[in-house]
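Enquirer: Below you'll find the structure I mean.
We did not get these values from a lab; they are worked out from the coordinates using the rules stated. In this text the structure is predicted, and so the values were computed from the model without any measurement. Cβ placement follows ideal geometry from the backbone for every residue including glycine, while neighbour counts extend to all protein chains displayed.
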Amino acid sequence: MRKGLLLILFSWAFIAVGQEEIAAKVNYLNFDAFYESDSLIADPVLPSMGIPYAIGWKYGYFNLTKENRKNHIRIFPLLNTKGSFSNLYYNQVADLNIGAGFGLETELSKHFYARILFTGNILFRDGTGDKYTRIFANDYWKFPAFKQHLYTLQPQIRLSYTPYEFINIQAGIDQNFIGQGKRSMLLSDYSAPYPFVQLRTKIWKLEITNLYQFFDEQVKGKKINKFGSTHFFNLNATSRFKIGLFESVIFAAKDTLMNRGYEAAYLNPFLFYRPTEYGLGSQDRLLIGLNTSYQFNSWLLYGQFAFDDFVLKELIKRTRWWANKYSGQIGAKWKHQVNENIQLRWLGELNFARPFTYSHINPSTVYGHQGNSLAHPLGANFVEVYTEFGIYIHSFIIRPEFFFTQQGSNGEYGYPNHGANIYWPYNDKSFEYGYKIGGNGKVNRYHAGVEFTYRIEKLLRTDFFLHSGVEIRQMGNATKNYFFVMAGIRTALWNDRSFNF
């Protein structure tokens, strides 16, 4: 087997020689090539390869040879301080997040690039709310909570090495994203950072991404480890049309018989996981998906579809069987450059997930990390319409947003499990057939907000922002309203997911 694997790797390298070059530099996760460049090749794997934002103070190295004199190091501070007030239907909630840290970026050679972002946070809360009204998102490593405050860390570490022009190897602790939209039904950045190793290979018009992930969960006060192995084959069919095949398997570090560790069979970057899973006789969970996009000059149409599990005859009979688990997305982006200083941006998308999608029999195989979904933040059993419009005027940004969601019961408020909470085991379901999105205790949410942003320091990408809005929530015959406002100062190097789901 080892000889065969070496032969495959050698053949792969031989075929790839002379193909499109991959640089070592990596963009930040919030860089959107469609809006921020003129390229027709908007990479769906984020963060994308390319020259990152020039941030902070740049220093050259000493005693360098002539060919390495462009090598440098950048150092910069990080801020993530914000406060909010929410007037809920049952009480008032005030939150405060005090976050600060540092960033370091270096290019030792054209083959090696490294970036370290390290932010510490102290979170305070006065009052009680729910998961939809907290100002801090879930993308933190958490420490034990005290009565009203919580200490967290947000490490974002990424080392990138390009040994040959067609291969890039990355490793670190960070989030990853696959897709072109605000959300992703395949892999998103709404959960906490996690250790990973990534291999990216380009052959002609095909780019192959292999991602090896290390996750964990808290179960009854104990930490359990689990792993993920993800393939994404992305074909640039034309200069404007992309289509990609996604495959991801989540498996436990320990099963009922032994400590498995990282399953060696899933390390092979060329095998499809479904036959491998059957060959192992395991109960690992597998997600298969499709990602596609077509780009006009000022428009980008995109979509995703993910299969968790399904039986064709049950789909044809329309029995709404619980195990027909799938999700999807369809969306569009638009941009218009009014002049040198003004750009207009619009995005609209529809997302949905059938009941029990992404769920499994226990947390060690759920498609999640540290209690949150690796795909859409709502989990499953929902439909969502999301839209936003941005006006970018030099240092100012005005961005109104609106979304409507309908989600079925997630086991709260006395309703039985109806497949919304992906961490609730699917074998604890209420019945076999008749599941539909929004069934059994549905909640409708109408959410409208607007955010004003001003760049107060260009060199450090430091923004002041004010975000305010209202939400109407309907559950049965009851209608509840609330108002929220949030303001703060942050470094614009990541996606702030607060108050947008």
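Enquirer: FRET efficiency for residue 487 and residue 433, Cβ-Cβ distance as r, R0 = 56 Å, nearest 0.05?
Expert: Details: r = 49 Å, r/R0 = 0.87.
So, using R0 = 56 Å, E works out to roughly 0.70.
Enquirer: Under a crude label model (7 Å from the Cα following the beta-carbon direction), how far is residue 452 from residue 218 in nanometres?
Expert: 3.8 nm
Enquirer: Mind running the shape call on region 375-460? Use the C-alpha gyration tensor, a ≥ b ≥ c as the square roots of the eigenvalues: rounded below 1.5 for a/c, prolate if a/b tops b/c, oblate otherwise.
Expert: Numbers: a/c = 4.04, a/b = 2.83, b/c = 1.43.
Prolate, since a/c reaches 1.5 and a/b exceeds b/c.
Enquirer: So how far apart, in nm, are the two label points at residue 299 and residue 118 if each is 7 Å from Cα heading toward Cβ?
Expert: The two pseudo-label positions are separated by 4.8 nm.
Enquirer: At a Förster distance of 45 Å, what's the computed FRET efficiency of residue 37 paired with residue 472, Cβ-Cβ distance as r, to 0.05?
Expert: Plugging the Cβ-Cβ distance into 1/(1 + (r/R0)^6) gives 0.75.
Enquirer: In the structure displayed, which of 110/182; 226/429; 436/480; 242/313; 25/58; 220/442 lie more than 26 Å apart, Cα to Cα?
Expert: Values: 110/182 32 Å; 226/429 24 Å; 436/480 24 Å; 242/313 31 Å; 25/58 16 Å; 220/442 29 Å.
Violating the 26 Å limit, Cα to Cα: 110/182; 242/313; 220/442.
Enquirer: Under the 0.36 nm per residue contour assumption, what length would be gained going from the current alpha-carbon distance of residue 151 and residue 126 to full extension?
Expert: Numbers: separation 25, 0.36 × 25 = 9.00 nm, distance 1.56 nm.
Residue separation times 0.36 nm, minus the Cα-Cα distance, leaves 7.4 nm.
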